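Note sheet for the following structure.
Each reported figure results from applying straightforward, stated rules to the coordinates on display, with no laboratory input. Remember, it's a predicted structure, so these values are computed and weren't measured experimentally. With ideal geometry, Cβ positions are generated from the backbone for all residues, glycine too; neighbour counts draw on all protein chains shown.
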Amino acid sequence: MATIYRLPIRLLISRQRAEKVLAPHHEKLRSCVQQGWNRYLGRHMSDLPKVSRRGRANLVNELVIDEVRKAFDGFRIVETNGRFLLCIEPLVIRFKKLGPGLRTANYPTQQALAFDRQQRIPGIPSATRITVGYGINRLGTELDEIAVVCARGAKTIWSYSLLDNAAVLPLVAPSVPRQATARRRVRAKPDAKRAIKETDSK
């Protein structure tokens, strides 16, 4: 049986080093995810109840990747077996939706498992693989996280948020048409009602 090589945890890039390497690119990475999400909402806001979670994740991922292509023109990009990877040495970056615990949701193919385990894969550089991912709120209407995650198998080695101290790109969904927004009834507080009655009685 062939020996499967996995990059030892001690050889994975530390969080501190990764942050230093990616610091000049944090704003662009954050922007790519946000703009991809905004483009998705702009096209499919009225169809949100009809789109499955998997379908939404695929659509958003394609739009995020399109933004990455434009923002990181000139950087090495690897596309193999349906994977899109951005290389910023010594890191290889993929873009994915994140689930609970900042874990990615992958169909467990052999290559997906090998990627998550930091195993050698033909055509993919031997470097620390990380994920720039996004989390969605329970209603599926807004992003609630954009994070950088380094994992080995099912274990998260380190992670940090790209929203910490973010100076731009507030996470808001496009405005909903006024006619679709339910009117709120504002009720006067008891003290206010009492004051009105007393005024009427004078």
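Using R₀ = 22 Å, calculate the FRET efficiency as 1/(1 + (r/R₀)^6) where r is the Cβ-Cβ separation of Glu27 and Asp73; round to 0.05.
Details: r = 16 Å, r/R0 = 0.72.
Rounded to the nearest 0.05, the efficiency is 0.85.
For region 68-145, the share of DSSP beta bridges that are antiparallel, to the nearest 5, is 60%. Could you work out how far the C-alpha centroid of region 129-144 sits from that of region 56-113, in angstrom? With region 129-144 and region 56-113 each reduced to a Cα centre, they are spaced 13 Å.
Given their separation in residues at 0.36 nm each and the Cα-Cα distance between them, Leu139 and Ser161 gain 5.8 nm when the chain is fully extended. Estimated at 0.36 nm per residue, the fully extended path between Lys50 and Ala112 surpasses their Cα-Cα distance by 19.5 nm.
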